[in-house]
Amino acid sequence: MTDKISDKQRRSDLQEAVDLFITHGGFTAAAQHSGIPRTTLITRFDTAMVEHFQPGSAALKAAGLKAPRSIPFSEDERKAKNWTAQQCIDELMRIVKANPNEVITRNHFRVFSTISESTWTRHFGTFAEFKRQANVVPSRWQHRHEKAIAKHASVDHMRDLNLDKRSYEGKYNKPNGKRWQTILVGSDVHDRECDPFWRRMFIDAVRRVQPDIICLNGDMFDLPEFGKFTQDPRDWDVTGRIRWVHDFLSDIRVSAPDTQIDYVEGNHEFRLLRHLAEATPALRAVLSDLHGFTVSRLLGLDRYEINYIARMDLAAWTERDIKDELRTNYVNYFDAAIGHHFPEGRQMGFPGWNGHHHKHIVWAAFNPVHGAYEWHQLGSGHTRDATYCNGEKWANGFLLAHIDTQLKHTAFEYVEVRDHAVFGGQWYIRKNSEIVTPH
């Protein structure tokens with residue numbers, strides 16, 4: 001008998017929880033009016049829903065419970081009205097004007113308005129759209145417009161740096177009027193990650209050849225501090241890396257004082273200048289002893305009389321935008337050859353070269369202007385070792401491009417650098433001090 005009374009009482013408690021929720025429109029109000037703890041009401045209500053929600057089920061009939069209402073529990077049938085969309089908007093504006101210091105949420109409107117949710121949902125669907133249609137919040141178009149303004153405003157300061165860096169393209173041209181021009185090309189040096197044997201070879205090539213132009217084809221810097229591969233901040237030494245590059249540029253300029261030097265911006269230079277433009281905490285921390293650095297001072301442009309080919313917009317927004325902008329950084333030599341950091345340059349229909357991938361590949365092509373010609377992807381100056389990828393698959397080397405500026409023909413001379421190299425009939429052997437220990 002006790003168990004039957006207990007079951008009956010249980011069914012009564014469950015039904016009461018459902019009725020109280022429906023009557024008062026929520027657990028808080030139901031608890032206040034009934035004196036039953038809110039958590040108890042929630043537990044009983046959930047139990048009733050799990051056990052007896054399906055109308056007409058055997059369990060529901062056996063329990064003797066009435067079926068819950070088929071309408072949402074947020075709905076108040078007493079407020080249901082057959083209103084037009086404009087009448088709903090008028091009601092929302094009444095609530096907004098009555099509460100000028102409140103953010104009108106869906107729950108706020110449900111409690112204080114005179115209409116049910118179904119009255120306005122059939123016109124607007126969501127409360128966010130309801131507020132848009134009433135001009136309480138910006139429309140979708142207005143919101144997109146505001147976001148576009150914010151996006152461009154957030155990078156306005158970068159455009160000033162764009163003007164600075166672009167002013168160095170052609171600033172230190174040294175034309176000599178010769179028909180036959182030789183260009184020495186080195187790519188992907190990566191500052192202190194540079195192979196010391198490659199460095200010695202390249203500087204000796206500068207000294208022996210005295211090229212008309214030297215093309216530094218991007219990624220002179222490595223700067224893992226600003227890269228996508230995580231580095232322990234305790235190992236940061238950005239200033240040391242910058243000084244390494246400056247020492248390298250100094251050796252080039254001393255070895256060829258009258259040669260034009262062109263520096264093509266690569267993705268690593270882009271990252272450095274973005275940090276400079278943003279004055280990021282990382283940059284301020286590591287350059288604290290180099291306060292007031294400019295593009296020229298960072299890259300040694302004025303000091304070593306270097307042209308900087310950097311057309312890309314530092315304000316590029318998405319990763320795709322950044323890649324597209326970086327591809328605009330290339331140099332056209334005498335309408336006879338293209339120097340480009342990325343392999344997309346190969347599609348431009350010229351002889352030429354690219355870097356970036358640290359692997360030497362040659363493609364053959366033909367057109368009526370340049371005849372049969374080659375495009376070279378260069379090996380790098382970076383050691384054939386890296387912690388973030390299989391660097392042993394890389395190659396080291398540099399390139400000499402010999403151009404007939406009248407016929408627009410180019411002959412290439414690629415120098416591969418291993419533990420030995422041969423350049424201009426001279427053998428070079430890696431010294432013990434130049435052996436690189438893997439990471």
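For this structure, a couple of remarks:
- Residue satisfying all of: in the range 236-263; among the hydrophobic types (A, V, I, L, M, F, W, C), touching a Lys or Arg at 6+ places or on another chain (Cβ under 9 Å) and not in a helix (DSSP H, G or I); surrounded by the fewest Cβ atoms within 10 Å (Cβ to Cβ) among these: Ala256
- Condition check for Arg166: surrounded by fewer than 21 Cβ atoms within 10 Å (Cβ to Cβ) and modelled with pLDDT under 95: yes
- Of all residues in the range 385-402, those that are in a strand (DSSP E or B) and either farther than 13 Å from Val185 by Cα or of a type in the set (S, T, N, Q) (or both) total 1.
- Count - residues of the range 341-374 that are surrounded by 17 or more Cβ atoms within 10 Å (Cβ to Cβ) and out of contact with any His (no Cβ under 9 Å at 6 or more places or on another chain): 3
- All positions within the range 222-263 that are modelled with pLDDT of 90 or more and of a type in the set (Phe, Trp, Tyr): Trp244, Phe248, Tyr263
- Arg384 falls short on exactly one of the conditions (1) over 16 Å from Ile203 (Cα atoms); (2) in contact (Cβ under 8 Å) with a residue 60 or more places away in the chain; (3) touching a strand residue (DSSP E or B) at 6+ places or on another chain (Cβ under 6 Å), and that condition is (3).
- Residues that are of a type in the set (A, V, I, L, M, F, W, C), surrounded by 12 or more Cβ atoms within 10 Å (Cβ to Cβ) and in a helix (DSSP H, G or I) within the range 129-159 comprise Phe130, Met158, listed in sequence order.
- Of the residues Lys178, Lys174, the single one that is surrounded by 12 or more Cβ atoms within 10 Å (Cβ to Cβ), out of contact with any helix residue (DSSP H, G or I) (no Cβ under 9 Å at 6 or more places or on another chain) and not small (Gly, Ala, Ser) is Lys174.
The values are calculated or read from the model by the stated rules, or taken from the named source; none is laboratory data. Quick caveat: nothing in here was measured; it's all calculated off a predicted structure. Neighbour counts run over all protein chains shown; Cβ positions are idealised from the backbone, glycine included.
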